[in-house]
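Below is one structure; the comments refer to it alone.
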Amino acid sequence: MGTSVLFGSEVRVVNVGLDLFAEAVRAQDHPVAEVEWRPPAGGDAALVRLLVADAETRDRVDAANRETMTRMFQARPVWVDVRKAGDVVPDIPDRTLLHSGPARPFERMCGPHRRAAAWAAVFEGWAPDPESAALALANGGIKLEPANAHSVVIPMAGVISPSMAVHVVTDGATGRTAYSPINEGRERTIWNGNPDRSTLDRLAWFRDELAGSLSAALRQTGGVDLFGLFSQSLQMGDEMHARLPATTALLLRSTVGPMLEAGVPAPAVAHAVRFLESNSLFGLTVVMAGCKVAADTGHGVPWSSVVTGMSRNGLDFALRVGGLGERWVTAPAPPMDKAIYYSGYDSGDGAGDIGDSAILEVVGLGGMAIAAAPTVAAFVGGSVDDQIAATDDLREITVAAHPTFTVPQLGFAGTPAGIDVRRVVETGIVPFIDTGAVHDHDPNVGQIGAGIALAPIEVFQAALIELGKAWGR
């Protein structure tokens, strides 16, 4: 007896769960619509209990998340100055270097971080050579602290010393201020973990000339409104983490005329212009400081489950959550096995995911805005449709669309913003970071690829458990 006779019409099947059931129906020549379904939190009963909290808890968390996003969206970071770190960054102890990522003893840092720290100490004059600096760092004669503890964000394997030049970005309404180093470009650099003597010459020029030229321009203009500029960059094909030529060009346009009006000598202006136009990544660290200001403005709302910081050191991945105060939750950093490597290299050569630049994804840029940048489509599959699909997936784990960061390819919808720890744990979807890969062992190589890094689900699970304790559950 056919199924149409038995049921009175042709059977139409929707399968939720095991593929075995769908295969059995197809074997009888009937169409099946399959629904992809996974148990919440991977079926972990303890995590599920936190996700299905009582109505009062859910309402309090939702309200806190709305407040977090309101604060974050109201931030208006302005690039106001470029100064020596020791003159503006608060509370840097004597003979101390600041590094990207969560804290680690020098001897347990990844290779790029150790090399960067040693050469930064040489730049500061605390050691005559990197070998002597490494000994002082290992025995505590030179100290290390995470940059995030001082409102500083540093890309990749970067390290800053008190004499290095940093961008100063401030939100006028709240007074929140963040700092970041001048991006060094793609040569022998601190941030790529392959510095040499030429690196120190460049850092000295940043400190002695470029910082003053840019500072004069910013004083002349009263500062540059960064979120307005970032909005333009998105319309011009940048997502502002892996691709920044439009962002850098807009920053260059914002400073050249004011440099001349402020009386900066023409040779210094020319040197600054040549550097910026040859270094499309100059804008990265300015963007990072702007995003750090916004994230810090949104941080600290009790009961909030929104992520307000992500930071990596090549070995550990750290998460800051709005309702957990100044505690950071950590898990092992993922390997860079999703990156596209230069010829001759693979993930076995690279350090793990590294740097503070994931602050962009926290605020709604970088991976969250990948649909804006067709030239990095290969990172997520190869086509603009792949990028749009990736962005749509991220909406599943965020609580809002950014009102300023709109993307033409999305019909001018805002980028996903406000990563919710609960939604990540529930769905198993993790944010991705479009970033670079640096060589772990060879001191002469530096960057060896670029692509995406997936945040580890374990750090979100750990954060949810900590939130449960804060909620009294």
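I want to confirm something. Restricting to region 59-69 and keeping residues that are open to solvent by less than 60 Å² (accessible area, probe 1.4 Å) and out of contact with any Leu (no Cβ under 9 Å at 6 or more places or on another chain), which single residue is nearest to Pro403 (Cα to Cα)?
Filtering first and then ranking leaves Met69.
Out of (1) crowded, with 22+ Cβ neighbours inside 10 Å; (2) out of contact with any strand residue (DSSP E or B) (no Cβ under 8 Å at 6 or more places or on another chain), the odd one out for Leu234 is which?
Of everything listed in (1) crowded, with 22+ Cβ neighbours inside 10 Å; (2) out of contact with any strand residue (DSSP E or B) (no Cβ under 8 Å at 6 or more places or on another chain), Leu234 misses just condition (2).
Any chance region 110-126 includes a residue that's without any contact (Cβ under 8 Å) to a residue 24 or more places away in the chain and either under 30 Å from Val329 (Cβ atoms) or basic (Lys, Arg) (or both)?
yes
With respect to Ala53, determine if the residue is among the hydrophobic types (A, V, I, L, M, F, W, C) and in a helix (DSSP H, G or I).
Answer is no for this residue.
Of all strands (runs of 3 or more DSSP E) completely enclosed by region 338-447, which ones contain at least 2 residues that are at pLDDT 95 or above and in contact with a Ser or Thr (Cβ under 6 Å, 6 or more places away or on another chain)?
398-407, 413-419
Answer with yes or no whether Val380 is touching a helix residue (DSSP H, G or I) at 6+ places or on another chain (Cβ under 7 Å) and among the β-branched types (Val, Ile, Thr).
It is true that Val380 is touching a helix residue (DSSP H, G or I) at 6+ places or on another chain (Cβ under 7 Å) and among the β-branched types (Val, Ile, Thr).
Please work out which residue is farthest from the chain's Cα centre (by Cα), limiting yourself to region 173-224 and to residues that are open to solvent by 10 Å² or more (accessible area, probe 1.4 Å) and at positive phi.
Once the filter is applied, the top-ranked residue is Gly222.
Pull out all pairs, ordered by first then second residue, where Cβ-Cβ is under 7 Å, the residues are six or more apart or on different chains, the first lies in region 218-236 and is in contact (Cβ under 8 Å) with a residue 24 or more places away in the chain, and the second is open to solvent by 60 Å² or more (accessible area, probe 1.4 Å).
That search, which allows pairs on different chains as well, returns Gln220/Glu261; Asp225/Arg76; Phe227/Arg76.
If a residue has to be touching a Ser or Thr at 6+ places or on another chain (Cβ under 6 Å) and open to solvent by 10 Å² or more (accessible area, probe 1.4 Å) to count, how many in region 162-172 make the cut?
1
Would you point out the residue of region 251-267, among those that are open to solvent by 10 Å² or more (accessible area, probe 1.4 Å) and among the hydrophobic types (A, V, I, L, M, F, W, C), that is nearest to Ala450 (Cα to Cα)?
Among residues in region 251-267 that are open to solvent by 10 Å² or more (accessible area, probe 1.4 Å) and among the hydrophobic types (A, V, I, L, M, F, W, C), the one nearest to Ala450 (Cα to Cα) is Leu252.
Restricting attention to region 301-332, report how many residues are within 23 Å of Gly364 (Cβ to Cβ), among the hydroxyl-bearing types (Ser, Thr, Tyr) and over 14 Å from the mean Cα position of the chain (by Cα).
Result for region 301-332: 2.
The values are calculated or read from the model by the stated rules, or taken from the named source; none is laboratory data. Quick caveat: nothing in here was measured; it's all calculated off a predicted structure. Virtual Cβ from ideal backbone geometry, glycine too; neighbours counted across all protein chains shown. In case anyone asks, the SASA skips ligands and DNA or RNA and just uses the protein heavy atoms, side chains included. Shrake-Rupley method; radii C 1.70, N 1.55, O 1.52, S 1.80 Å.
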